[in-house]
Amino acid sequence: MKTIGWVEGDKMFKRLWPGVVGSFIAGAAIMYVAAPYIAPVIARWLNPKGSLYVSVKLVERPEEVVPGKDLSQLVLFSGDQIVSIAYPKKGWHEWDNLKGYYAVKAYINDMYVGQTKVEVKPREKKRTEIIAELAQSIIQIEVMANKGKNPVKNALVEIVSHRGVPYRSELTDSKGQTNEITLARTAGKNEYYDIYVYQKEDSKKSLIASSERVKINKPREKFTLRVP
């Protein structure tokens, strides 16, 4: 067996040393960049949690989820504390990294429609749904002028929630009426809609009538707005 002398060993060390240092620096750099991604994985492995998938459906159409444009919020509670507020683009939302007991409240057109309570266990993929407690209301808006004698055609009717979010926009026909409009009911004490009527001229619109803080509680309702 050939023995490497001290001089030869020193030369070899000097040749290898830059590579060792470079590898160490490269490894440290990789760990620095990857740390934000690796840390959550390690944390989940040491303290496993589950996920919660919640969909929202209408009582009159329980086979399909609510359109994302109408599902305003899903609010996740742990006890009395709000954990998270989701603004789904579809009729459902999924939360990760949960463990314990939770309640989820659903809002359609910014109106409270129902809730569910669940327990999420470690590593569990929990799925549940909220069925709206009340069927939606079907309403129609009528716009009249000259003390209710003349219908206003092609008036733009906009319906806005109590949070200031516009949810429906319709034009009146030759009878001054909109198509039938479906909306969530105003079940809560502080829930309501504002109805605004505009006359469109070219690209501009001017307000000609309004009805604010409107409550919708019946299965079908018709509202008449009069233009001064």
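Could you figure out which of (1) surrounded by 14 or more Cβ atoms within 10 Å (Cβ to Cβ); (2) hydroxyl-bearing (Ser, Thr, Tyr); (3) in contact with a Gly (Cβ under 9 Å, 6 or more places away or on another chain) isn't true of residue 107?
Every condition holds for residue 107 apart from (3).
Look through the range 84-104, keep the residues that are under 16 Å from residue 125 (Cα atoms) and aromatic (Phe, Trp, Tyr), and return whichever of them is surrounded by the fewest Cβ atoms within 10 Å (Cβ to Cβ).
The residue in question is 101.
Could you grab me the full set of residues in the range 171-199 that are of a type in the set (Val, Ile, Thr) and either part of a loop (DSSP other than H, G, I, E, B) or free of Cβ contacts under 8 Å to residues at least 12 places away in the same chain (or both)?
Across the range 171-199, the qualifying residues are 172, 178, 186.
Contact list please: Cβ distance under 6 Å, first residue in the range 203-228 and touching a residue at least 40 places away in the same chain (Cβ under 8 Å), second residue assigned to a strand (DSSP E or B) and hydroxyl-bearing (Ser, Thr, Tyr), pairs at least six apart or on different chains.
Going by the 6 Å Cβ cut-off, the qualifying pairs are 205/198; 216/137; 225/211.
Assigned to a strand (DSSP E or B), aliphatic (A, V, I, L, M), more than 23 Å from residue 166 (Cα to Cα) and modelled with pLDDT of 95 or more: which single residue out of 83, 113, 56 fits that description?
When all the criteria are applied, what remains is 83.
The values are calculated or read from the model by the stated rules, or taken from the named source; none is laboratory data. None of the values given here were measured: they were computed from a predicted structure. Glycine gets a Cβ as well: all are built from the backbone with ideal geometry, and neighbour counts include every protein chain shown.
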